[in-house]
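Coordinate-derived values only; no laboratory data. Remember, predicted model here, so these are calculated numbers, not experimental data. Heads up, the Cβs are rebuilt from the backbone with ideal geometry, glycines too, and the neighbour counts pull from every protein chain shown.
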Amino acid sequence: MKNLHLLKTPFYALMLLFALSIVLTVRADDFSNDDHAYEFSISKNNLNRISFKHKQLKINTISDAQIKVDRGSIYLLPDNDESITLFVTPQDAPQLTYLVTLISEDIKAQDIKIPLPSSYLAKEEEKAQLKKLKLHTKTTSSPESNTISDSTTYQGAIAKIIREFWYNLDKNNEELIVNGYEVYGDELKAMFNIDFAKEKFCGSTLTEEVLSVTLTNDYALVLLSIANPLNIDTQIICEVTPLAWSVLNSTKVDKFGSKYVLVVLKKEELIDA
């Protein structure tokens, strides 16, 4: 028979009983059938815990159960043998809702840990990458004032394609720009009347190597590897002031190190060169 006296027990005592009775830890990724939807078996006679990687949670349910939310964890004791459905929304990510279905069984107390969904992690990673992105345009007054601005039409268009380029490059996606195409190697030499081994697209005093050129309807994105042959750290500065140029994180290059630099030109500037 179920321990009904537990329902009247103070919450701190319930958690103590939980700590004493818990014998099994379950990772949600073993059971998830959807990015945000999970189903578990829980104890119908003992207190169970479901933990999320969030600091505060909001719970919506019409199921019968003794439920207590403590920061990022839910302590739960079923009232009957019926399944329990929870809609869980983190306060720090209100756009995210977990659907958790719990099946009451005659088993020991369960400690369930639910990871962040892969789709949420991907979006957070993209945001983090965009925060690192530095964009220099012809209106940039100094290397420090290099945040992306959508205040003008051309800056907005450049900002959009540069975000897209760095993101797809980081993900090793075959298509770096939608409706654009990448050329490199011998194809570069055949398409353009330029000596890419000698051309200085950035104009940096450091060593430049052209890795590829991605063409869109209006722009040419030249991906450079700029190497620092010096025994001291230094900064990348594009002296030729292209339409725009971009790096990730900062313009600093470690001694004997290298960094990707993306130079944006008007397409006709490259084709007519």
Once the Cβ-Cβ distance between Thr207 and His36 is put in as r, and R0 is 35 Å, what FRET efficiency do you end up with, to the nearest 0.05? 0.15
Name the long-range amide H neighbours of Ser258: under 5 Å, sequence gap of 5 or more, or other chain; modelled H, no Pro or chain starts. Asn228
Taking the Cα of Lys160, stepping 7 Å toward and past its beta carbon, and measuring to each backbone N in region 212-230: which are under 20 Å? 214-222
Counting only other residues whose beta carbon sits under 14 Å from that of Val210, what net charge do I get with K and R as +1, D and E as -1? -4
Kindly write out, for region 48-57 in residue order, the coupling ³J(HN,Hα) from the Karplus curve 6.51 cos²θ - 1.76 cosθ + 1.60 (θ = phi - 60°), rounded to whole Hz, with x marking Gly and Pro. 10, 10, 10, 10, 10, 8, 9, 7, 9, 10
Take Gln91 and Asn173, extend 7 Å from each Cα along the Cα→Cβ direction, and tell me the distance between the two endpoints in nm. 3.5
Arg71: net charge of surrounding residues, Cβ under 13 Å, Lys/Arg +1, Asp/Glu -1, itself excluded? +3
Sketch the reach of a paramagnetic label on Ser83 as a point 7 Å from Cα along Cα-to-Cβ, and name the residues of region 48-63 whose backbone nitrogen lies under 17 Å away. 61-63
Counting sequence-distant residues (5 or more places) and residues on other chains, those with an amide H built under 5 Å from that of Val253 are Thr234, Gln235, Ile236
Enter the mean projected area of the convex hull around the alpha-carbon atoms of region 154-273, in nm², rounded to one decimal. 7.3
In sequence order, calculated HN-Hα J values of region 230-238 (Karplus, 6.51, -1.76, 1.60; Hz; x Gly/Pro): 8, 8, 9, 5, 8, 10, 8, 10, 8
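If Lys and Arg each add +1 and Asp and Glu each add -1, what is the summed charge of the other residues whose beta carbon sits under 13 Å from the beta carbon of Tyr181?
Summing Lys and Arg as +1 and Asp and Glu as -1 gives -3.
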